[in-house]
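Beneath this line is the structure, given in structure tokens, with notes to follow.
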Amino acid sequence: MTNSINEILETDVILVIGSNTTEAHPVTGYRIKQAVRNGKQLIVADPRRIELVKYADIWLRHRPGTDIALLNGLAHVILRDDLWDKEFVAERCEGFEEFEKTAAKYTPERVAEITGVDAELIEQAAHLYGEAEKATIIYAMGITQHTSGTHNVMAVANLAILTGNVGRRGTGVAPLRGQNNVQGACDMGCLPNYYPSYQPVEDPAARSKFERFWQVKLPEKPGLTVTEMTDAARRGKLKCMYIMGENPVLSDPDGNHVVEALQNLEFLVVQDIFLTETAQLAEVVLPAVTFAEKDGTFTNTERRIQMVRKAIDTESKAKPDWQIITELAQKMGHPWQYPGGPAQIMGEIAQCAPLYGGISHQRLEQEGGLHWPCPTPSHPGTLYLHADGFARGKGRFHSVEYLPPAEEPDEEYPLILTTGRTLYQFHTGTMSRRSRLEELRSEELAMIHPKDAEIYGIRDKDTISVESRRGKVTTKVQVTDQVPPGIVFMTFHFKETPTNVLTIASTDPVCRIPELKVCAVRVEKIISNPPVDERDNYVGVYKQ
Amino acid sequence: MKAAEENGIDIPTLCYDERLTVTGACRMCVVEVKGARKLMAACATPVSDGMEVLTESDRVVEARREILRLLIANHDLRCLTCERNGDCRLQDYCYRYKVEDTPYKGAVIEYPVDTDNPFFIRDYSKCIRCGKCVTLCAEINGAHVYDFMHRGFDTKVTSAYDDTLQETTCTFCGMCINVCPVAALVEKSTLWEGRPWEVKKVTTTCPYCGVGCQLKLKVKDNRIIGVTADRSGSNLGDLCGKGQFGWAYVHSPDRLTGPLIKRNSAFVKVSWEEALNYVAARFTDILNRRGGQAFAGLSSAKATNEENYLFQKFMRTVLQTNNVDHCARL
Ligand code: SF4
Ligand code: SF4
Ligand code: SF4
Ligand code: FES
């Protein structure tokens, strides 16, 4: 996020797009609802009738996968009606002329056609956002998990800089990170093209810096992304994988292919707290410990680095990940020594990752969480970014065009499947399903609109099959107008219904985020529940 | 109230919370303002220039004692086994103002304890009707589960029609438990598990989503028994159900307890020494035969920064590849 979470309370207009915040990031959801209760205005762009729709001044119910058209349409109106921040754009941005030309093509009428949203609503939303003194855009995986994910993000950024909503309190763009330490994993360089602190692998200066720092020769070419790894493994190019604390069999798109890929390896090592679906495929499984059994730090979605503290001793032989990796490095002849544990490792991070330059466990203990960039030990951290200009000199407009999703519904597969999370479960369920949360929600409930339900003869709580070109799963169903007609919504928390065998691995060309949000499916009823004749009896009873 | 806090003056309060609208419900915070005839509620009275305030005058103390006498008149006083014994505002203030008993002996209303939801009990015979749960649920969560029912002596704070919470809009965030000053709302997992002073509280970061809420784990005998709010983070003490109730996996019997190696397609338990030697030998062999490009690593968005740093360092320096990523682009 460019700004911090609680600045949501200080903004005037909030645009939420592709984020079911109250379920996926509940405490941030509270802030949005609080802001609305305090009289702030809210625009929600989402195909589903999510909880925030109740709080919204304007609801843009666009078709899945049409975000760019919608965002460009808003920019179109803002430009046409002169609501943009000319001074800000002139002083701090570049690429405007080209962007203006692109946006010109997205008239509300054309956008209405693509997105299914009323042209009038697009006009209203553009005015609300464009006229605000301070506005913020909140988005999550609904934006990033498309073939056009990177472009979606650019379209969001365009809107923010066009209206000068960057670099001030209560403005900005807020991508909400799904898992607790996605931000930190990226910051630490668990990316194929970046060293810690986003220093590019391809930059010779960065490379030689790390060669000196780590005292080894480093490979020059950027590596493979997670989806490319699956491909490479299937084609036999990868021989060995080391997977720490992830469960790609359930979390990654096209789950059947992932299994095939992992089985095709010569050697698979999985390090986790449970024998997950992925760990079962491994040759060696190394037992790790939970967050409650180790010290360290997590970095949240607002770039705030916070302590994780050991609360209990491990009662088995499981060990913290940092210790396992260190011992493995030693066994392979590398002189790693971290007798000071995580605090010492953070010391090393501070030396090579400028964004974390001023971070130490000692400081976090004394001062509490700190927001990066925090370059020096006396730096107070940075609540919001770009206050005195953009990192790369100028903010850049990117002209991005709407492209239809990789797979569209057709006669054979007439419905669109879109995926997400629910409030009571989390990700692939390895943690949340082993707690009492399981009592609230223990199985998949695919959402389907009453109209579609009628077409396929489906009733609430029936069991149906959902099939795409890649696979088939069975699930119970919830008939609800929370989803629009033509769309099926499912989560990926439940191993009994591994939704990701349906989804596509076609990836965003730049960022390589798989297309989890949209694919074409067909549905079929398998079991009525309760059986139909029995249900008719109920009706009879009520009638009497 | 804020002014007093900032100046280190402790004014007792049962219903004030800086996050919530001031309701002035409990009157514990009354103070004497020079020149004013009536006692004023500190939480609802803004300070003005030259204002002289007495926070512990005889009049003030007597008023507070009277409130406490009224409160304990209708309160289940089985403190011996109460889960909040020693961590209870009502006890604390009765002690501070030497209120041992009450002259108002009337009918103590006994309400049945609601144990119906999986997470916490609601024992309204302990409720002091401070209203914090009502305001918090409405103003922070937005669920509007609770309200005051009936009037006068019969007043009860509860859900609509006194329904069990599953039948309401409750999202089981558990925040109401953490603001309750007494033992009316208590996590089930802590029941009979330990007295408040035996429980260690460790502040840490929620392991679920990217909001990174701060919370306190309640630990007794090396086991987590519950969670309570911590206000040091940007969540300001707020939590959702995952952070509040989602920790039990830590003690799951399914946890891996030692390294495993697959032999004849079945896992066999081995020692760390054996497991690490084996992995190191296989890694080295593949590295010698195929080079770094044959390796790839996936790191975890659930691991710490320190572990993620070491993981990519391991992939890049030991296994000589940039093939490192995490699944959580998702
Ligand atoms: S658990 Fe949360 S939603 Fe439920 S009553 Fe308490 S505060 Fe309200
Ligand atoms: S249940 Fe607790 S928080 Fe709610 S009114 Fe009663 S005493 Fe106050
Ligand atoms: S308590 Fe809820 S909102 Fe906060 S970090 Fe945990 S999962 Fe996210
Ligand atoms: S704290 Fe002031 S009335 Fe309760």
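The values are calculated or read from the model by the stated rules, or taken from the named source; none is laboratory data. Remember, predicted model here, so these are calculated numbers, not experimental data. A quick note on method: Cβ atoms are made from the backbone with ideal geometry, for glycine too, and the neighbour counts reach across all protein chains shown. Note: accessible area is taken over every heavy atom of the protein model, side chains too, but ligands, DNA and RNA are not part of it. Shrake-Rupley method; radii C 1.70, N 1.55, O 1.52, S 1.80 Å.
Key figures
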read-out	value
Residue list for segment B:170-192, filter: assigned to a loop (DSSP other than H, G, I, E, B) and within 15 Å of ligand 3 (Cβ to nearest atom)	B:T171, B:F172, B:C173, B:G174
Condition met for B:Y95 (open to solvent by 30 Å² or more (accessible area, probe 1.4 Å), among the hydroxyl-bearing types (S, T, Y) and either in a loop (DSSP other than H, G, I, E, B) or within 16 Å of ligand 2 (Cβ to nearest atom) (or both))	no
Hits in segment A:19-48 - residues which are within 16 Å of the chain's Cα centre (by Cα) and not polar (S, T, N, Q)	A:E23, A:A24, A:H25, A:P26, A:G29, A:D46
The listed residue being in a loop (DSSP other than H, G, I, E, B) and either open to solvent by less than 50 Å² (accessible area, probe 1.4 Å) or in contact with a Gly (Cβ under 9 Å, 6 or more places away or on another chain) (or both), out of B:R19, B:R37, B:R69	B:R19
Any chance B:T158 is within 14 Å of chain A (Cβ to nearest Cβ) and either away from ligand 4 (no atom under 16 Å from the Cβ) or modelled with pLDDT under 90 (or both)	no
Any hit, segment B:196-211, residues being within 15 Å of ligand 1 (Cβ to nearest atom), closer than 20 Å to B:G142 by Cβ and open to solvent by less than 10 Å² (accessible area, probe 1.4 Å)	no
Top-ranked residue of segment B:142-169 - restricted to ones that are more than 7 Å from ligand 1 (Cβ to nearest atom) and part of a helix (DSSP H, G or I), ranked as surrounded by the fewest Cβ atoms within 10 Å (Cβ to Cβ)	B:G152
Contacts under 7 angstrom Cβ, first residue in segment B:233-252 being part of a helix (DSSP H, G or I), partner within 15 Å of ligand 1 (Cβ to nearest atom) and of a type in the set (D, E, K, R), 6 or more apart	B:F245/A:R436; B:A248/A:R436
Condition check for B:K313: buried (at least 19 other Cβ atoms within 10 Å of the Cβ), part of a helix (DSSP H, G or I), among the basic types (K, R) and free of Cβ contacts under 8 Å to residues at least 24 places away in the same chain	yes
Residue in segment B:231-242 that is nearest to the other protein chains (Cβ to nearest Cβ), counting only those that are open to solvent by 10 Å² or more (accessible area, probe 1.4 Å) and not hydroxyl-bearing (S, T, Y)	B:C240
Strands (runs of 3 or more DSSP E) fully within segment A:174-289 counting 1 or more residues that are closer than 14 Å to B:H326 by Cα and either more than 16 Å from ligand 2 (Cβ to nearest atom) or open to solvent by less than 10 Å² (accessible area, probe 1.4 Å) (or both)	A:240-244, A:267-272
